[in-house]
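Structure, as structure tokens:
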Amino acid sequence: MPDLSLEQGLHRRGLRLIAGVDEAGRGPLAGPVVAAAVILSPDLTGDEPWLDLLDDSKRLSPAQRERAVAVIEEHALAIGVAQAESHEIDRAGISPATIWAMMQAVANLPVAPHHLLLDFVYISSCPLPYDTVVKGDSISYSIAAASNIAKVTRDRWMRQADEMYPGYAFARHKGYPTAEHVARLNELGPCQIHRRSYAPVRLAAGRNNGA
């Protein structure tokens with residue numbers, strides 16, 4: 001379970017506003033990569049009951065993630081969200097697009113943080129001091145909060161995409177390369193939100209173009 005140890009250590013150094021930053025959607029064949037930045041109150045003790053709802057989003061069920069997002073939106077000091085679309089991922093590559101989205105999420109915070117806690121990503125030219133934390137979403141409440149905001153935001157986006165692009169079952173697999181998704185992709189060919197730079201999408205495009 002995450003806790004506030006990293007945040008409290010930074011607070012003791014005089015750094016009050018700590019933003020946890022995480023992303024969702026590196027691996028899917030379709031849809032954006034979404035990043036979130038969350039600043040929790042520096043006055044939290046760690047004993048607040050609502051914090052028990054926070055964990056690495058991958059460990060939580062969809063319903064638990066929705067509850068986590070509700071309490072984050074109620075209690076967080078600041079939230080910023082940004083996303084890089086599929087065509088931007090194709091143009092820049094997934095790692096640069098992810099870093100851009102993370103930094104844009106930080107820029108979208110309504111207050112400027114003093115320090116960042118990143119879920120294991122290295123940024124060569126970050127404008128703010130930061131620590132990169134291996135498995136940070138299971139260690140830091142701030143990163144766990146960002147993890148859930150990013151995941152729920154992206155899942156909601158993919159459910160809307162399911163209505164715009166029927167036939168791919170985006171509401172079920174959220175764009176990840178499941179057997180169902182790959183089968184639909186090969187049958188129908190890529191749609192506008194597929195990542196053309198990803199090999200399964202390129203192959204499906206070739207088949208549907210008669211290559």
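The values are calculated or read from the model by the stated rules, or taken from the named source; none is laboratory data. In this text, all values refer to a predicted model and were calculated from it rather than measured experimentally. Cβ: placed from backbone, ideal geometry, glycine included. Neighbour counts: every protein chain shown. Protein only, heavy atoms only, side chains kept; ligands, DNA and RNA dropped before computing areas. Shrake-Rupley method; radii C 1.70, N 1.55, O 1.52, S 1.80 Å.
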Relative contact order for the stretch 1-111, counting Cα pairs under 8 Å that sit 6 or more residues apart, in percent: 33 percent
In Å², nearest 10: area of Met103 left accessible to a 1.4 Å probe: 40 Å²
Of the DSSP H helices in the chain, those whose Cα atoms cover at least 30 Å axially and whose Kyte score averages -1.0 or more: 141-164
For Asp22, distant residues with modelled amide H under 5 Å away: Ala36
Computed magnitude of the charge dipole of the stretch 163-211 (debye, nearest 20; Cβ of K, R +1, Cβ of D, E -1): 180 debye
For Val121, distant residues with modelled amide H under 5 Å away: Val133
Whole-Hz couplings from phi, Karplus 6.51/-1.76/1.60, listed for the stretch 127-135; x for Gly and Pro: x, 10, x, 8, 10, 9, 10, 5, 6
In nm, spacing of pseudo-spin labels at Ala112 and His87 (7 Å Cα→C-beta vector): 3.3 nm
The stretch 75-181, relative contact order in percent, only Cα pairs under 8 angstrom and at least six apart counted: 16 percent
Per DSSP, loop trypsin sites (Lys or Arg not before Pro) in the stretch 13-82 with at most 16 further Cβ within 10 Å: Arg13, Arg16, Arg26
Computed over the chain: relative contact order in percent, which uses C-alpha pairs under 8 Å that are six or more apart: 30 percent
Size of electric dipole in the chain: Cβ of Lys, Arg +1 and of Asp, Glu -1, about Cα centre, debye, nearest 20: 800 debye
The chain: most fluctuating residue of Ala24, Ala68, Ala76 per GNM, C-alpha cutoff 10 Å: Ala76
Cut-off under 5 Å, modelled amide H: who pairs with Ala30 long-range: Arg195
Per-residue HN-Hα couplings for the stretch 15-32 [Karplus 6.51, -1.76, 1.60; θ = phi - 60°; Hz; x = Gly/Pro]: 9, 8, 9, 10, 9, x, 10, 8, 9, 9, x, 5, x, x, 8, 8, x, x
Solvent exposure ordering (accessible area, 1.4 Å, most first) of His114, His194: His114, His194
Gap separating the Cα centres of the stretch 112-174 and the stretch 66-85, nearest whole Å: 10 Å
All-pairs alpha carbon distance profile, the stretch 5-89, 5 Å steps from 0, percent: 3, 12, 19, 23, 18, 13, 7, 4, 1
Gaussian network model of the chain, Cα within-10 Å springs - most flexible of Asn108, Asn186, Asn148: Asn186
Whole-number D in µm² s⁻¹ for the chain, Kirkwood Cα-pair radius fed into Stokes-Einstein, 25 °C, 0.890 mPa s: 139 µm²/s
